[in-house]
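J.: I am attaching a structure below and will ask some questions about it afterwards.
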Amino acid sequence: MRHSKKISAWLSKQQNLYVLFTVVLMIPTCLLLYTEEMSIAMRVAYLFLPLSVYLALFATGQRPGVVLLWLSLLLIIGAFQEVLLYLFGNSIIASDMFLNLFTTSTGEASELLGNLIPAVILILFIFFGAIYLAIHSVRIKDRLTARIRRKSMLIAGCCLLIGSIGGITAKVQEPDKDVLLNIYPVNVFYNMKFAKESWHKSKNYKESSENFSFQAKLRHPAEDKEIYVLVIGETSRSDNWSLYGYERETNPRLSKEKSLVYFTDVVTQCNATHKSVPLILSAASADNFEIIYKQKSIITAFKEAGFKTAFLSNQVPNNTFTDFFSHEADVLELLRGDPLAISNNPLDHDLLPLLDKFIDDGGNNKLFIVLHTYGSHFNYRDRYSDKFRKFVPDDNANLEYRHRDLLVNSYDNSILSTDDFLASIIDRLKSTGAVTGMLYLPDHGEDIMDDDRHRFLHASPCPTYYQLHIPLLIWFSDEYNEQYPETMRNAFLHSSAPISTRAVFHTMLDLAGISTPHFDSVYSVVNSGFEPRKRSYLNDHNLPESLDNCGLKKQDEAMFKEKGMVYP
């Protein structure tokens, strides 16, 4: 009782709540000052400019509780920022993070938040504690005296002066940098605005691409029976594939395939699914992303060339370009997000009966199938059946470094499941006796607390080596190799060349013998005209950046070199 009276008395003092509210608003700024790299001048501006604004607002508003309630949006953004810093270790809320709020399913969000309980509880305590104290301040009619307001405005003025000096100095040091747009929370609001504009722009895709045509033609004999499968994986990194030198045997079936070519120096163009998958399915790339709003996907190119097409998915629809592209197919089947879905947690292997049905139904001697899998998405343990529990213990665990062994075990089991899934597709294609080929790659990789940064998951504003380096495999049937032996030879020849996911669109068309003015042989790894090009990464403002300018750190550069990959 005595302690509660002391707390109540402390809260009744005018300056205490006012100072406390200012501290709460400045928490994200202080954390970012610790996590972000910036010059001393920029740090001065980063700290003192927002502080001057908060102090001035409280002084002008007179009633600190009312002011904080008006600024509750900043508290929400601050809570979001603090969760991301806990998860990724650095960077402000990128525009892609706001888009992820609308493209991530509730199931995925629940799985993630359920493993961030300690951090979420702490952040919610700060958020709701601040709101409670703001309401308390309003109830006790807390109002700053004229003396405190004058003192606050004086301090705010001094902070503004110091911050301005820092900002001007930072601008002189880096003339091309917009200082204000790089200060929290201005940068977050700017990213929020950019995300909103991008979202609305994508909503007009149907109209903006309506009259587009690839003018695609088929080079291969029309009478030949051909089946091509593009498998888009999820969250799979090369470092955990035994095909790529991993010490654990995670690819027992694929390693026995004689006509399988795997590419060792492949990076994704984006670490966020809602952009990386559309970049795989279209002619758009990090270097020319804007064409994605006007062009259709590779599915339409195959249709124009006379193929019957199917899009079979184990992902939840999310109103992104992936969904728009999937509706271009003649047949669209979804395992998730459908009231008639076979289960609440379908596995990728459940796509195989749908693949069988489409091949058996046929109706055309030219078939093209896109399989969009759930691969190794967190929670890893939920991505495979008990049949693939080779590495144990593999129980679900909280996202803590002390549980890393369990996380790696379950992740490796998910790769083992993917190996069996891909080998099963190959077996089915072999049995058709057709000229067939399969190309597999995931959308991006994954961090699993691999180095001293303890980074986890993907889609972080600044990518890492583990999020970028992905496997890419192409399998050719005997019938294909008999007809087009040079194709597999070219693939082997280029298997160690530095490529990105930009190669998939052009390689897939080349593999199927489809010509179009939008095809470029220098990006096709099965073409003798292939040439390695500088690889770009698509940042959160949809602009290309070289690998050495997209936020990679010394640990990432070291891994690129250790694996013998080209950097940048």
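J.: Considering Cα pairs under 8 angstrom that are at least six residues apart, work out the relative contact order of the range 226-325 and quote it in whole percent.
T.: Answer for the range 226-325 is 17 percent.
J.: Assigning unit charges at the beta carbon (Lys, Arg +1; Asp, Glu -1) and nothing else, what dipole magnitude in debye, to the nearest 20, does the range 184-343 show about its Cα centre?
T.: 200 debye
J.: Can you give the FRET efficiency to the nearest 0.05 for Ile168 and Phe212, using r as the Cβ-Cβ distance and R₀ = 51 Å?
T.: Efficiency, rounded to the nearest 0.05: 0.60.
J.: Ignoring ligands, DNA and RNA, what accessible area per residue does the chain give at 1.4 Å, in Å²?
T.: Roughly 43 Å² per residue, with all protein chains present.
J.: Counting only residues 5 or more places away or on other chains, whose amide H sits under 5 Å from the amide H of Ile514 once H atoms are built in the peptide plane?
T.: For Ile514, whose amide H was placed from the backbone, the distant partners under 5 Å are Arg219.
J.: How many percent of all Cα-Cα pairs in the range 378-450 sit more than 14 Å apart?
T.: Counting every Cα pair in the range 378-450, those more than 14 Å apart make up 65 percent.
J.: Working from Cα positions, state the angle (0 to 90°, nearest 10) between the long axis of helix 40-61 and the longest principal axis of the chain.
T.: The two axes meet at around 60 degrees.
J.: Could you tell me the accessible area of Tyr244 in Å² (1.4 Å probe, neighbours in place), rounded to the nearest ten?
T.: 40 Å²
J.: Excluding ligands and nucleic acids, what accessible area in Å² is computed for Thr436 using a 1.4 Å probe, to the nearest 10?
T.: Roll a 1.4 Å probe over it and Thr436 shows about 0 Å².
J.: If the cut-off is a Cα-Cα distance under 17 Å, which lysines reach Lys554, setting aside same-chain residues fewer than 8 apart in sequence?
T.: Leaving aside lysines fewer than 8 places away in the same chain, those within reach of Lys554 are Lys563.
J.: Over the chain, what is the relative contact order in percent, taking alpha-carbon pairs closer than 8 angstrom and at least six residues apart?
T.: Relative contact order of the chain: 19 percent.
J.: State the Cα centre-to-centre distance between the range 252-318 and the range 188-236 in whole Å.
T.: Their Cα centres are 9 Å away from one another.
J.: Which FRET efficiency value, to the nearest 0.05, is calculated for Leu101 and Ile135 with the Förster distance at 30 angstrom and r the Cβ-Cβ distance?
T.: It comes out at approximately 0.65.
J.: Roughly how many whole Å is it from the C-alpha centroid of the range 348-367 to that of the range 446-478?
T.: Between the Cα centre of the range 348-367 and that of the range 446-478, the gap is 30 Å.
J.: If one takes the longest principal axis of the Cα atoms in the chain, at what angle in degrees, from 0 to 90 and to the nearest 10, does the Cα axis of helix 14-35 lie?
T.: 30 degrees
J.: Okay, moving on. Roughly how many Å² of Lys303 are accessible to a 1.4 Å probe, to the nearest 10?
T.: 80 Å²
J.: Need the list of aspartates and glutamates near Lys225 for cross-linking: C-alpha distance under 19 angstrom, and skip anything on the same chain fewer than eight residues off.
T.: Counting by Cα, and skipping residues close in sequence, Lys225 has these aspartates and glutamates nearby: Glu304, Asp330, Asp356, Asp360, Asp361, Asp427, Asp478, Glu479, Glu482, Asp510.
J.: Taking 51 Å as R0, compute the FRET efficiency from the Cβ-Cβ separation of Ile76 and Asp451 and round it to 0.05.
T.: 0.95
J.: Now, a different point. Run the accessible area of the chain with a 1.4 Å probe and give the carbon-and-sulfur part as a rounded percent.
T.: About 57 percent, which is the carbon plus sulfur part of the accessible surface.
J.: Moving on. Using helices alone, I'd like the mean residue ellipticity at 222 nm for the chain: each DSSP H run of four-plus residues gives -39500 (n - 2.57), total over residue count, nearest 500.
T.: Roughly -15000 deg cm²/dmol at 222 nm, from the helical runs in the chain.
J.: Full extension from Asn319 to Leu69: what is 0.36 nm times the residue separation minus their Cα-Cα distance, to one decimal in nm?
T.: 86.7 nm
J.: Under 17 Å Cα to Cα from Lys203, which aspartates and glutamates show up? Leave out anything in the same chain fewer than 8 places away.
T.: Within the straight-line cut-off, Lys203 pairs with Asp96, Glu290, Asp323, Glu328.
J.: To continue, here is another question. Mind checking which of Gly65, Pro118, Tyr184 is farthest towards the positive end of the range 63-216's charge dipole, using Cβ charges of +1 (Lys, Arg) and -1 (Asp, Glu) about the Cα centre?
T.: The one lying farthest along the dipole's positive direction is Gly65.
J.: Moving on to the next point. Testing the spin-label approximation: label points 7 Å from Cα along Cα→Cβ at Asn204 and Lys561. State their distance in nm.
T.: Rounded to a tenth, the inter-label distance reads 4.7 nm.
J.: In nm, what is the difference between 0.36 nm times the number of residues separating Leu122 and Asn396 and their Cα-Cα distance?
T.: 96.4 nm is the gain from fully extending Leu122 to Asn396.
J.: Okay, moving on. Ignoring GluC sites (Glu not before Pro) that are buried or in helix or strand per DSSP, and keeping those with at most 10 other beta carbon atoms within 10 Å, what is the longest stretch of the chain between them?
T.: The segment 248-568 is the longest one with no such site.
J.: Between Leu181 and Asp350, what length comes free when the chain is fully extended (0.36 nm per residue of separation minus the Cα-Cα distance, one decimal in nm)?
T.: 56.1 nm
J.: Moving on to the next point. Taking the 0 to 90 degree range and rounding to the nearest ten, how far is the long axis of helix 146-173 tilted relative to the main principal axis of the chain, both from C-alpha atoms?
T.: 40 degrees
J.: How high is the relative contact order of the range 437-568, in percent, with contacts defined as C-alpha pairs under 8 Å that are six or more residues apart?
T.: 22 percent
J.: Just for the chain, what percent of DSSP beta bridges are antiparallel, to the closest 5?
T.: Antiparallel: roughly 35 percent of the beta bridges in the chain.
J.: With a ≥ b ≥ c taken as the square roots of the eigenvalues of the C-alpha gyration tensor of the range 223-381, please select rounded if a/c is under 1.5 and otherwise prolate if a/b is larger than b/c or oblate if it is not?
T.: Since a/c stays below 1.5, the shape of the range 223-381 is classed as rounded.
The values are calculated or read from the model by the stated rules, or taken from the named source; none is laboratory data. As the structure is a computational prediction, the values presented were derived from the model and not from experiment. So basically every Cβ, Gly included, is an ideal-geometry build from the backbone, and we count neighbours across all protein chains shown. Side chains included, ligands, DNA and RNA excluded: accessible areas come from the protein's heavy atoms. Shrake-Rupley method; radii C 1.70, N 1.55, O 1.52, S 1.80 Å.
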